[in-house]
Amino acid sequence: MMVLPRRAFVLMAAAGVVLPAGVRAKPGEVEALIRAVAGGGVVRAGRVRLAVPELVENGNAVGISVGAEVPAGAVLTDIHVFADGNPRPGVAHFRFGRLSGGGKVATRIRLATSQTVHAVAVFADGSCWHDSVSVLVTLSACLDD
Amino acid sequence: MVRPLLNVPREVRAGVAFEVRILIQHAMETGFRRDAMGMVVAQDIINRFECAVDGEEVFSATLHPAISANPYLAFSARLGRSGTMVLRWVDDRGGEGREEVSISVS
């Protein structure tokens, strides 16, 4: 076991209780990201469905799935996922190629606190669709241990 | 890298979508955690995942620290003819993983 000089230990302990800056994404950051994804176009509701449990016991692994409804003739190219209560709001960016079997993707994410999770689907014609779910997290994903 | 748990059917029907599921063992260090000495543990996550069949893209993902440890991804593919599916991923330290599956289409 390593022996810490008492002064260093006290300083570290003091630093540990101070929350690091930027523990939560800045207000408006997710909105700005969604606008950037849309490239100035209109973001509409519908065509994309985000499934996240509304009550989460453990924020370290939250199963989510995003499904886009792709009408005949339309081509889904991207799905973006954002979480507005995480230190960094970006979660994932999925791209769907020509051999994709439809606009479905599932993964597991970390949620630092109770917040809103957003999904944006982008189609080849440039149209953007948005869905969001508010999630209550009882045990947060650990940021510092 | 440790081999992942990969679930891909070896035989599929032409034009019928099927699911691909993968679970990769990786700590996915967020870069926000501190060790016992109070030092920040450097971020080390799988930041990129790609799936293609004979060079043609099926699905790809750019991942951020908000993806859980031991990342799990499920997506779907639809093939017209037999081919080799290649799944590749890289982490922040340059570690790479790769899996190949031959899929026969009938």
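Restricting to Cα pairs below 8 Å that are 6+ residues apart, what does the relative contact order work out to for chain B? Please round to a whole percent.
Working: 240 pairs, mean separation 34.6, N = 106.
Relative CO of chain B lands at 33 percent.
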>> Quick check for you: which residues of the range A:94-108 have the amide N under 12 Å from the point 7 Å beyond the Cα of residue B:19 toward its beta carbon?
In response: A:104-107
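I need the trypsin sites (Lys or Arg not before Pro) found in the range B:35-82, filtered to DSSP loop residues with at most 13 other beta carbons within 10 Å of theirs. Kindly include the intermediate steps, with their values, before the conclusion.
Details: sites: B:48, B:78, B:81; in loops: B:78, B:81.
Here the trypsin sites (Lys or Arg not before Pro) that fit, given the DSSP loop and packing criteria, are B:81.
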>> Residue by residue through the range B:79-85, what is 3J(HN,Hα) from phi via Karplus (6.51 cos²θ - 1.76 cosθ + 1.60, θ = phi - 60°)? Round to whole Hz and write x for glycine and proline.
In response: 10, x, 8, 4, x, 10, 8
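Starting with the fewest neighbours, write out A:128, B:51 ranked by other beta-carbon atoms found within 10 Å of each beta-carbon.
Numbers: A:128 21, B:51 24.
Ordered by Cβ neighbours within 10 Å, fewest first: A:128, B:51.
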> So which GluC sites (Glu not before Pro) in the range A:47-145 end up in coil per DSSP with only 16 or fewer other C-beta atoms within 10 Å?
Replying inline: A:54, A:69
> Looking at the square roots a ≥ b ≥ c of the eigenvalues of the Cα gyration tensor of chain B, which shape do they give, rounded for a/c under 1.5, prolate if a/b is larger than b/c, or oblate?
Replying inline: prolate
>> Roughly how far apart, in whole Å, are the Cα centres of the range A:68-106 and the range A:45-64?
In response: 14
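State whether the protein assembly as shown is rounded, prolate or oblate according to the following rule on the C-alpha gyration tensor (a ≥ b ≥ c being the square roots of its eigenvalues): a/c under 1.5 gives rounded; otherwise a/b larger than b/c gives prolate, and the remaining case gives oblate.
Numbers: a/c = 2.57, a/b = 1.52, b/c = 1.70.
Note, shape of the protein assembly as shown comes out oblate.
Rule-based calculations on the coordinates, nothing more; no lab input. Since the structure is predicted, the reported quantities are computational estimates derived from the model, not experimental observations. Cβ: placed from backbone, ideal geometry, glycine included. Neighbour counts: every protein chain shown.
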